[in-house]
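Trainee: Below are the structure tokens for one structure; questions will follow.
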Amino acid sequence: MSARLWTILLVLSAAWGASYLFIKLALEDLTPTAIVFGRTALAALVLLPAAVRRDALRDLRPLAGPVVALALVQVAVPFVLISAGEQTISSSLAGILVASAPIFVALLAPWIDREERSGGRRLVGVGIGIVGVAVVLGVDVGGGSGALVGGLMVLLASLGYAIGGFMLKRRFTAVQPVGLVAATMTVSALATLVPALLTQGAALPGAGAAAALTALGVVGTGFAFLLFYTVIAEAGPARASVVAYIAPGFAVLYGALLLGEPVTLGTVAGMVLILGGSWLAAGGVSAGAREAPAPQARTAS
């Protein structure tokens with residue numbers, strides 16, 4: 001890739017890595033469902049004009065049901081789980097655990113999509129990644145049952161991203177990604193509107209939480225996806241997926257520098273094992289030679 005595309009990729013990684021920081025800050029005054037409604041509504045406002053300009057919504061009309069299912073499985077529910085999980089675990093650990101999605105893809109493939117089933121070093125990657133998850137949950141999360149439940153919520157969100165990837169491959173390979181993400185963000189905003197009103201009530205967020213939510217929706221979700229599609233268009237989805245292995249590093253950096261979250265040996269070891277295992281489980285260096293027709297939407301987190 002060119003130096004320009006590498007720059008865009010690093011900016012994108014920095015923006016997505018910051019999402020966990022913004023969630024943690026927004027949680028000071030907002031409930032998890034209110035955060036998800038706000039971020040998806042703002043992202044939809046950013047993405048819908050781009051989708052309309054590219055006429056990217058037309059092909060989705062016959063797929064209304066599958067679009068709703070995808071929005072729930074891969075956006076609304078995982079976003080709520082991550083926000084709820086961050087109530088008891090650090091933003092940096094949430095960013096690390098989300099990177100386990102390729103491990104779930106490898107584990108589910110024999111039952112869902114035999115073309116994606118694992119063997120050789122992919123199985124080694126699954127094993128390494130599972131050890132990394134165990135290190136994070138068993139050594140670094142600590143803090144009792146509440147923190148463990150929070151970590152498991154984030155892992156469950158990662159499972160949703162993995163299942164959504166199979167849904168993308170099966171039903172949405174012929175549609176424009178920007179239109180699909182704009183539609184799923186819109187559906188997710190509508191799906192979380194009532195829960196957000198019920199849990200948040202009339203309480204208004206302070207200036208800091210409101211700013212964090214705005215940054216999460218506009219920068220960490222909407223603007224980040226526009227950058228992501230720029231890289232996909234010019235370098236392909238396989239190379240664009242490199243962002244999934246860079247963003248957790250930014251999440252740890254932001255958590256340590258801006259929130260004072262500890263970076264322990266368990267944090268570093270768990271991150272290395274999860275990212276390394278996920279990279280191998282996803283095909284390692286061979287992934288760059290295989291260009292998928294649509295991006296793995298786990299990066300939506």
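Trainee: Hey, does the range 171-184 have a residue that's out of contact with any Phe, Trp or Tyr (no Cβ under 7 Å at 6 or more places or on another chain), part of a helix (DSSP H, G or I), closer than 30 Å to Arg61 by Cβ and aromatic (Phe, Trp, Tyr)?
Mentor: No: the range 171-184 contains no residue that is out of contact with any Phe, Trp or Tyr (no Cβ under 7 Å at 6 or more places or on another chain), part of a helix (DSSP H, G or I), closer than 30 Å to Arg61 by Cβ and aromatic (Phe, Trp, Tyr).
Trainee: Ala203 versus (1) over 23 Å from Pro66 (Cβ atoms); (2) in a helix (DSSP H, G or I): which is the lone unmet condition?
Mentor: (2)
Trainee: Among the residues of the range 56-73, is any in a loop (DSSP other than H, G, I, E, B) and at pLDDT below 95?
Mentor: Scanning the range 56-73, I find at least one residue that is in a loop (DSSP other than H, G, I, E, B) and at pLDDT below 95, so the answer is yes.
Trainee: Could you please give the count of residues in the range 1-44 that are modelled with pLDDT of 95 or more, among the β-branched types (Val, Ile, Thr) and either surrounded by fewer than 23 Cβ atoms within 10 Å (Cβ to Cβ) or over 30 Å from Leu204 (Cβ atoms) (or both)?
Mentor: Number of matching residues: 1.
Trainee: Which condition from (1) farther than 25 Å from Gly150 by Cα; (2) surrounded by fewer than 19 Cβ atoms within 10 Å (Cβ to Cβ) is the one that Leu47 breaks?
Mentor: Exception for Leu47: condition (2).
Trainee: I'd like the residue in the range 24-49 that is assigned to a loop (DSSP other than H, G, I, E, B) and among the hydrophobic types (A, V, I, L, M, F, W, C) and, out of all such residues, is nearest to Tyr254 (Cα to Cα).
Mentor: By that ranking, first place goes to Leu27.
Trainee: Find the residue count for the range 61-77, including only residues that are among the small types (Gly, Ala, Ser) and either crowded, with 18+ Cβ neighbours inside 10 Å or in contact with a Lys or Arg (Cβ under 6 Å, 6 or more places away or on another chain) (or both).
Mentor: 2
Trainee: What is the one condition in (1) in contact with a helix residue (DSSP H, G or I) (Cβ under 8 Å, 6 or more places away or on another chain); (2) surrounded by fewer than 24 Cβ atoms within 10 Å (Cβ to Cβ) that Ala202 does not satisfy?
Mentor: (1)
Conditions (1) of a type in the set (Gly, Ala, Ser); (2) in contact with a helix residue (DSSP H, G or I) (Cβ under 9 Å, 6 or more places away or on another chain); (3) buried (at least 21 other Cβ atoms within 10 Å of the Cβ), marked per residue:
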site	(1), (2), (3)
Ala157	yes, yes, yes
Thr184	no, yes, yes
Ala207	yes, no, no
Gly217	yes, yes, yes
Glu234	no, yes, no
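Trainee: So, one more: Among the residues of the range 87-94, is there at least one that is under 19 Å from Glu261 (Cα atoms) and modelled with pLDDT under 80?
Mentor: no
Trainee: Based on this model, can you work out whether Val52 counts as in contact (Cβ under 8 Å) with a residue 24 or more places away in the chain, part of a helix (DSSP H, G or I) and among the β-branched types (Val, Ile, Thr)?
Mentor: No, not satisfied.
Trainee: Which residues, taken from the range 82-95, are part of a helix (DSSP H, G or I) and surrounded by fewer than 24 Cβ atoms within 10 Å (Cβ to Cβ)?
Mentor: Ala84
The values are calculated or read from the model by the stated rules, or taken from the named source; none is laboratory data. These numbers come from a predicted model, not from an experiment. Heads up, the Cβs are rebuilt from the backbone with ideal geometry, glycines too, and the neighbour counts pull from every protein chain shown.
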